[in-house]
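First comes the structure, then the notes that go with it.
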Amino acid sequence: MVKLAAREPTNTYFRDVMVKFDGHDSKDPFAYKWYQPNKKIQGKTMAEWLSMAVCYWHTFKGSGADPFGPIDVYNRPWGQGDDPMKVAENTMDAAFELFTKLGVDYWCFHDRDIAPEGDTVKQSKFNLQKMVDLADAYQRGTGKKNLWGTANLFSHPRYTHGAATNPDTAVIGYAACQVKAAIDATIQLGGRGYVFWGGREGYEALINTDMKKEREQLGAFLTMARDYGRSQGFKGKFYIEPKPREPSSHQYDYDAATCLAFLKEFGLEDDFELNLENNHATLAGHTFQHDVVTAANAGKLGSMDINRGDPTCGWDTDQFLTDPIEAALVLMPVMQQGGLSGGCNFDAKVRRGSTDLDDIFHAHIGSVDALAKGLLIADYLIREGTLSKPLVDRYASSQTGMGKKIAEGTTNFKDIEKWVMRRENGGKVLTLRSGRQELLENKLREAYDAVIRNAG
Ligand code: XLS
Ligand code: NI
Ligand code: NI
């Protein structure tokens, strides 16, 4: 294989600007007010902690389409023309131009985002390889890096009844070919991870579904993917990205807890971690913080798809995250575990009505700054012990005596009964202690205020 020469970014599609830190009081809409890539916090730079990625699908392939208006409303300049490979090349020019102008270090892609599917598997592989070679050249010319790659196993009509979980083996075959090529692409681009989001790995109705069989197929498929990746020298993590539904009415990777059990059941826990997305957690009836903490507790918090949902509606709106306190609550566990094997991917899109190219800048700038501010707040909360100190106090009774025995599993119900009766006989009454939720809500706000004030 002949490597293409390194490619410099062009200045073709987007406004002529390099987005940089311009001070907390800056009014420049094309500047960061909080993100300082080289600022050190607890031993790592902001850029390292966050390892932020621009996502290819929403940002460059999104058309603004929705179920009531499936026609492209953006008409992006790089998306025009009849030759799909030429369009793919133009799109990649636009992508590396934007990555460079935003100063974000990483990017994420599906195979079909960067290269069009051909009429045959062979043609599709060829198209993908060509675009991966171009991306490789661009990465060397811009210093941008791949966070993770993945395969689109949900858009083509053949995947209507699932990919790995399809009742038809011929479809599983296509999915395997796609994942094999997408893993190769991710390896060539030096990706930190490889993601499985199983949008159609679920069912519409149980009356026509063998759920046991489909879950086993998924386990076998992920095992083969893992084995293939490792055999080709892939050192990164594999990630499952949970989501409860949409497009399927039930998805097997429902939420973090479900995925953790799945990984254990199929013996995949050494190679797989979770890639968690805010709007997927909320669709499952959880907060983002809930899924992040669930994964972190199991040592499986690997990567995050940063976005937010609309609390008033029940689907995946994939909006840009703008609330620094919400960011802080998920970045705190990240800091406490020393970072992510992956990073923070902006799996978010501008609204259908946000039709200007500049809107793409505003969206990313706002979310990058929300994460940067969130990181500062998380750092403050950890250093001050704002939430951890009250926890020590709240759980103090488990540190000694019977509490310690229960925690260590060195007692039993009979002994506990004796202990309770002894306490009652000794006149010890159980006192209900406040959880102090409202106080802590105020403390979170005070942490936010302190970070803003200290930044001065
Ligand atoms: C869709 C998912 C998807 C994955 C990658 O809801 O978030 O974008 O991140 O396949
Ligand atoms: Ni996602
Ligand atoms: Ni999503």
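The values are calculated or read from the model by the stated rules, or taken from the named source; none is laboratory data. Since the model is a prediction, treat every value here as computed from it, not as a measurement. Neighbour counts run over all protein chains shown; Cβ positions are idealised from the backbone, glycine included. What goes into the accessible areas is simple: the full protein's heavy atoms, side chains included, and nothing from ligands, DNA or RNA. Shrake-Rupley method; radii C 1.70, N 1.55, O 1.52, S 1.80 Å.
If you go through the stretch 41-50 one residue at a time, do you hit one that is without any contact (Cβ under 8 Å) to a residue 12 or more places away in the chain and at negative phi? Looking through the stretch 41-50, at least one residue is without any contact (Cβ under 8 Å) to a residue 12 or more places away in the chain and at negative phi. Pairs meeting the criteria (first residue in the stretch 213-229 and more than 11 Å from A176 (Cα to Cα), second residue open to solvent by 40 Å² or more (accessible area, probe 1.4 Å) and in a helix (DSSP H, G or I), beta carbons under 9 Å, at least 6 apart or on different chains) are R215/E265; G219/E265; G229/I187.
Within the stretch 258-272, the set of residues being in contact (Cβ under 8 Å) with a residue 12 or more places away in the chain, open to solvent by 20 Å² or more (accessible area, probe 1.4 Å) and either touching a Lys or Arg at 6+ places or on another chain (Cβ under 6 Å) or not charged (D, E, K, R) (or both) comprises T258, L260, F266, G267, D271. Inside the stretch 107-126, residues that are within 16 Å of ligand 2 (Cβ to nearest atom) and touching a Lys or Arg at 6+ places or on another chain (Cβ under 8 Å) make up a count of 2. Among the residues making up the stretch 253-270, a single one is of a type in the set (F, W, Y) and within 16 Å of ligand 3 (Cβ to nearest atom): Y254.
Inspection of the stretch 295-307 identifies no residue that is part of a helix (DSSP H, G or I), within 12 Å of ligand 3 (Cβ to nearest atom) and open to solvent by 30 Å² or more (accessible area, probe 1.4 Å). Taken over the stretch 131-180, the criterion of being in a helix (DSSP H, G or I) and over 24 Å from G202 (Cβ atoms) is satisfied by M131, V132, D133, L134, A135, D136, A137, Y138, Q139, R140, G141, T142. Residues that are within 16 Å of ligand 3 (Cβ to nearest atom) and open to solvent by less than 10 Å² (accessible area, probe 1.4 Å) within the stretch 319-332 comprise L321, V330, listed in sequence order.
Of the candidates A378, A407, A455, A370, the single residue that is modelled with pLDDT of 95 or more, of a type in the set (A, V, I, L, M, F, W, C) and loosely packed, with under 14 Cβ neighbours inside 10 Å is A407.
If you go through the stretch 308-341 and keep only what is in contact (Cβ under 8 Å) with a residue 40 or more places away in the chain, away from ligand 2 (no atom under 16 Å from the Cβ), in a loop (DSSP other than H, G, I, E, B) and out of contact with any Phe, Trp or Tyr (no Cβ under 7 Å at 6 or more places or on another chain), you end up with T322, D323, Q337, S341. When each of H280, H290 is tested for being of a type outside the set (S, T, Y), more than 13 Å from ligand 1 (Cβ to nearest atom) and modelled with pLDDT of 95 or more, the lone residue that passes is H290. Within the stretch 271-288, is there a residue that is away from ligand 2 (no atom under 16 Å from the Cβ) and part of a helix (DSSP H, G or I)? For the stretch 271-288, residues away from ligand 2 (no atom under 16 Å from the Cβ) and part of a helix (DSSP H, G or I): absent.
Taking the stretch 300-338 as the region of interest, how many residues are small (G, A, S), more than 24 Å from E384 (Cα to Cα) and modelled with pLDDT of 95 or more? Counting residues in the stretch 300-338 that are small (G, A, S), more than 24 Å from E384 (Cα to Cα) and modelled with pLDDT of 95 or more gives 3.
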